[in-house]
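I have placed the structure first, in the form of structure tokens, so that the comments after it can refer back to it.
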Amino acid sequence: MSAQGATLHFLGTSDSKGVPRFWCGCAVCSGARTTGANRRTRSSALLRRGRETLLLDCGPDLHAQLARLGAPLIPDAVLISHAHNDHILGLGDLLDYVSYAGGHLKIFAPEQVIPQLRERFAYAFRGEGFHAGFQQSAPVQPLPRSGLTVCGYTVRAFEVPHGANGSSHAFRFDSPTHRWAYITDAIGVPDELAERWLTGLELLVLGTAFRDESASVQSRRSLYDVREALELSWARAAGRVLLTHLSHDIETGAALPHGHFGYAHDGLSVELGT
Ligand SMILES: [Zn+2]
Ligand SMILES: [Zn+2]
């Protein structure tokens with residue numbers, strides 16, 4: 001198994017509110033409206049290797065993100081990190097998309113996330129063949145603890161603290177030659193968790209909504225900020241760090257002080273495992 005030839009496409013790189021935000025006249029939002037710079041949709045990514053694909057999360061902008069791809073693709077699998085709106089509200093569109101394309105879709109989520117999905121998308125869990133594309137009894141299956149093999153990687157999920165918003169999950173991808181992780185919604189990851197899951201990475205995709213939230217009420221926060229990310233030992237140790245889940249506070253054209261840190265943007269593609 002090799003990850004040779006795998007590509008990570010960033011379909012969306014914004015925080016839960018998107019950029020530009022409604023009614024916001026800040027420089028980033030104004031620029032996003034007029035020039036398109038920093039225009040971003042809710043966070044989602046697509047891993048591809050040859051004809052194999054894996055979709056990471058399905059936020060409210062998924063319809064436009066998939067339509068933008070040009071040709072239909074059937075994800076071999078979809079992984080859902082947690083049941084917050086900005087990561088799951090495209091689930092209905094995704095089910096339609098696959099149904100229309102006549103394909104099979106396997107959607108996986110960590111076991112504890114599934115009851116929340118069942119509650120939010122009750123119609124999809126009725127098992128009445130509402131979506132012709134369904135070939136399995138449940139629309140969302142528990143992600144096996146041993147992980148999933150796709151696109152040359154074994155993908156495993158691990159639970160991470162999400163501050164005031166409870167908990168989320170991150171994904172680690174291992175091939176014999178390449179390792180990377182996708183962790184969009186987290187703050188205060190304990191050292192032992194980082195040691196287990198976030199070491200030896202060639203690439204780390206990390207969510208940072210704001211540049212500096214040190215003046216905010218800390219108990220209300222739910223994601224790392226850029227200032228903290230730059231100081232995290234496990235992030236600094238990664239070969240490359242791409243920051244995502246970016247609010248209108250972030251101007252992605254601005255330089256970051258550590259050369260191996262950078263901002264992701266919608267439409268960015270990164271070659272992996274080469
Ligand atoms: Zn704004
Ligand atoms: Zn989020």
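Side notes on the structure shown:
- Mean Cα-pair separation over length for the stretch 6-266, i.e. relative contact order, pairs under 8 Å, 6 or more apart, %: 17
- Reciprocal mean inverse distance between Cα atoms of the chain - Kirkwood radius, Å: 18.9
- Neighbour net charge for H248 - beta-carbon separation under 10 angstrom, K R +1, D E -1: 0
- Alpha carbon centroid spacing (whole Å) that separates the stretch 214-274 from the stretch 33-66: 18
- Under the criterion of Cα pairs below 8 Å and six or more residues apart, the relative contact order for the stretch 215-274 equals 29 percent.
- Comparing R126, R49, R221 in a Gaussian network model of the chain where C-alpha atoms under 10 Å apart are linked, the largest mean-square fluctuation is found at R126.
- Relative contact order %, the stretch 1-83, counting alpha carbon pairs below 8 Å whose residues are six or more apart: 28
- The angle separating the long axis of helix 91-101 from the principal Cα axis of greatest extent in the chain is about 50 degrees.
- Each stretch of four or more DSSP H residues adds -39500 (n - 2.57); spread over every residue of the chain, this sum gives -4500 deg cm²/dmol at 222 nm.
- Summed side-chain charge close to R49 - residues other than R49 whose Cβ falls under 11 Å, Lys, Arg +1, Asp, Glu -1: -1
- The longest stretch of the chain left intact once loop-based GluC sites (Glu not before Pro) with at most 11 other Cβ atoms within 10 Å are removed from consideration, loops following DSSP, is 1-127.
- Unit charges at the beta carbon, dipole of the stretch 6-266: most positive-side option, V28, F210, V241: V28
- Residue order, fewest to most beta carbons within 10 Å, for T208, T252, T7, T41: T7, T252, T41, T208
- Given 10 as the ceiling on other Cβ atoms within 10 Å, longest exposed-site-free region of the chain for chymotrypsin sites (Phe, Trp or Tyr not before Pro) in DSSP loops: 24-274
- The phi-based Karplus calculation (6.51 cos²θ - 1.76 cosθ + 1.60; θ = phi - 60°) puts the 3J(HN,Hα) values of the stretch 151-168 at 6, x, 10, 9, 10, 10, 9, 9, 6, 10, x, 10, x, 4, 9, x, 9, 9 Hz, whole numbers, x for Gly and Pro.
- Think of each Lys and Arg Cβ as +1 and each Asp and Glu Cβ as -1; about the Cα centre, that makes the dipole of the stretch 6-266 roughly 400 debye.
- Residue of L242, L232, L223 that the Gaussian network model of the chain assigns the largest fluctuation, springs spanning Cα pairs under 10 Å: L232
- Sorted by Cβ density within 10 Å, fewest first, the residues V270, V140, V19: V270, V140, V19
We did not get these values from a lab; they are worked out from the coordinates using the rules stated. Just so it is clear, the structure is predicted and the values come from calculations on it, not from any experiment. Cβ atoms come from the backbone with ideal geometry, glycine included; neighbour counts cover every protein chain shown.
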